[in-house]
Amino acid sequence: MKMKENKRDNTRRGMTLSEKILAAHCGRGNVEPGELVFCRVDVALGNDVTSPIAIDIMEKAGVKKVFDPDKIIMVNDHFVPNKDIASAQHSKLVRDFARRQNLTWFYDVGTMGIEHALLPEEGLVVPGDLVIGADSHTCTYGAINAFSTGMGSTDLAAVMISGMTWFRVPETLKIIYTGKINPYVVGKDLILHTISKIGVEGARYQAMEFTGPVIENLPMSGRFSMANMAIEAGAKAGLFNGDSLVEEYVKPRAKRPYRMVRSDPDASYARVLEIDVSDLEPQVALPYSPENAINVSETGNIPIDQVVVGSCTNGRYEDLLEAANVLKGRRVAPFVRMIIIPATMKVYRRAVDEGLFQIFLDAGAVISTPTCGPCLGGHMGVLAEGERAVTTTNRNFVGRMGHPASEVYLANPAVAAASAVAGRIIHPGDL
Amino acid sequence: MIFKGKAWKFGDDIDTDAIIPARYLNTSNEAELAKHCMEDADPEFVGKMRPGDVIVAGRNFGCGSSREHAPISIKASGISCVIAVSFARIFYRNAFNMGLPILESPDAAEGIDDGDEVEVDTERGIIKNLSAGTAYHTTPIPSFMQELINAGGLIPFVLNKGFY
């Protein structure tokens, strides 16, 4: 279905990644920014916070069955293992629905992980996919060359019913990263720095395309962090071209056939931004906005109470390894709590197998089972009034991790670990 | 629809954690969510506002999480509509999908002061500041959005189109 007259292909022009994937999912040769299109989606995702509303909407609409039990994925990850009776009711509601509907991919305590780390790891999202999720960080799958975006529960319900929903084709902001990357600088720092340059609405309604020589060599863990935080710049999606690193990650995992997508050299962009990273240090985003990122050496003397390493942004094995490399042979400072949260059970097992747990325990950190938990002030590390945390999560809004008068400083895993050891925010190289 | 009420002003980048803090996301009950509407932006808000009142905000209203609990808590609190300089993408989408009237108007958002009496005609896109005696015209709602509203939201729209 189309909302605007289809322009014929004889005026074919280059397309961005987003335009190509959206066009392919509404059966068109091309689409233009600003057009409203109805698309068939490959995967729709819900969690224990957002699914209950979608389930209620679907059932109130009198629809008995989801359109395809292979394509609706539900993950109980926000408040699990359940933090209180109310959240246990939510998890149960999702669990009962998954059982009743025979959902092929339902993840609960024991198999679950934080949804945006889990789906790529399980090969449930593949390059070229169109994915919607009732969670704002659904944009994470742009790292594996998919167009994925966060929506609300009503959108999830619409897809549960019909397999389709509407999209406004976004303009694209292309960012080219150049220069030489410094030690301890990872994907998290690139995206924090980018948000500090363009602001929290710098890419509002737009898609971001991350490109350039720095990106070509950036490992997948860093790409996931970058795509994940595209929403923090207001973006609809944050995408990477399909390349050999994406192929290497996806090939052994993919549960469906796929075709990688690259943007055309003559694609048109709303804006092209070049960022030279040569002078960039690890970044720290000060409260209360992700756009407040500065070089870690410029933060001054900031004592801290808690450190969290985890979340859909930085809870992958490589993230834990970066923290472990800093913690090895060191102890967390007195009066500082350090909480490590492997994002999935596979990450958890690998961290055990490769000796990371030993390092964390020796350092005096605690290790939680996978959960979104403290990132949104849910459980497993809620902050008291006046407390300050350095975390590898994605948002530092007022009250995000607990009391409205607590503070969250966003950083990469090495900075978080170094700060835990020093008891204040510090560059890992200065330990 | 024409709404009349008092304006409650908020600044830029009011995020969904300020609209409905995550500590209340263990419920999706509308009345419960309404009790905590805007709590981390103004803890006294729910006690002060009256049904029919209007939220007037700056840029990027509703940024952050995709939680539909945010527009639900606003609607259930009795707020009739939200006027802002601009809205974050997911909030904008959620509001239309679940039927909370929102209007983008930088002029009105800047021209209306806290406590002003305002009258909003959502169909004609006219916002009147009754206290100041001024009026603002907003850009009309895109025709597809109007289709959604006419259908009664996204779900009836999808059901009517027979997509399933």
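The values are calculated or read from the model by the stated rules, or taken from the named source; none is laboratory data. Here the structure is a predicted model, which means the values were calculated and not measured. Every residue, glycine as well, gets a Cβ built from its backbone with ideal geometry; the counts of neighbours run over all protein chains shown.
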**OP:** Evaluate the following for B:Cys37: is it more than 24 Å from A:Ile132 (Cα to Cα), under 15 Å from the mean Cα position of the chain (by Cα) and at pLDDT below 95?
**Re:** no
Original post:
Has segment A:84-94 got any residue that is outside the structural domain of A:Arg253 (by TED's automatic domain parsing), in contact with a Lys or Arg (Cβ under 9 Å, 6 or more places away or on another chain) and under 26 Å from A:Ile341 (Cβ atoms)?
Top reply: no
Original post:
How many residues are over 23 Å from A:Leu124 (Cβ atoms) and charged (D, E, K, R) if we restrict to segment A:16-58?
Top reply: 5
Subject >> Listing of strands (runs of 3 or more DSSP E) fully contained in segment B:75-136 that carry 3 or more residues being closer than 30 Å to A:Asp135 by Cβ >> reply: B:81-84, B:102-104
Subject >> Odd one out for B:Glu30, checked against (1) surrounded by fewer than 17 Cβ atoms within 10 Å (Cβ to Cβ); (2) at pLDDT 95 or above; (3) not aliphatic (A, V, I, L, M) >> reply: (2)
**OP:** Would you mind finding the one in B:Ala41, B:Ala18, B:Ala70 that is within 14 Å of chain A (Cβ to nearest Cβ) and in a loop (DSSP other than H, G, I, E, B)?
**Re:** B:Ala41
Original post:
Looking at segment B:22-36, which of its residues are more than 10 Å from chain A (Cβ to nearest Cβ) and in a loop (DSSP other than H, G, I, E, B)?
Top reply: B:Lys35, B:His36
Original post:
Could you list, in sequence order, the residues of segment B:87-102 that are closer than 8 Å to B:Phe61 by Cβ and facing chain A (nearest Cβ under 7 Å)?
Top reply: B:Ala88
Original post:
Wholly within segment A:221-328, which helices (runs of 4 or more DSSP H) include no fewer than the required count, namely at least 1 residues that are over 22 Å from the mean Cα position of the chain (by Cα) and crowded, with 20+ Cβ neighbours inside 10 Å?
Top reply: A:317-327
Original post:
Does A:Pro342 meet the test of being at negative phi, crowded, with 21+ Cβ neighbours inside 10 Å, outside the structural domain of A:Thr138 (by TED's automatic domain parsing) and part of a helix (DSSP H, G or I)?
Top reply: no
**OP:** Filter segment A:382-416 for residues that are among the aliphatic types (A, V, I, L, M), touching a strand residue (DSSP E or B) at 6+ places or on another chain (Cβ under 7 Å) and away from chain B (no Cβ under 14 Å) and give the result.
**Re:** A:Ala389, A:Val390, A:Ala411, A:Val415, A:Ala416
**OP:** Considering only segment B:105-146, state which residues are surrounded by fewer than 18 Cβ atoms within 10 Å (Cβ to Cβ), closer than 14 Å to B:Ser80 by Cβ and in contact with a Leu (Cβ under 8 Å, 6 or more places away or on another chain).
**Re:** B:Glu117, B:Glu119
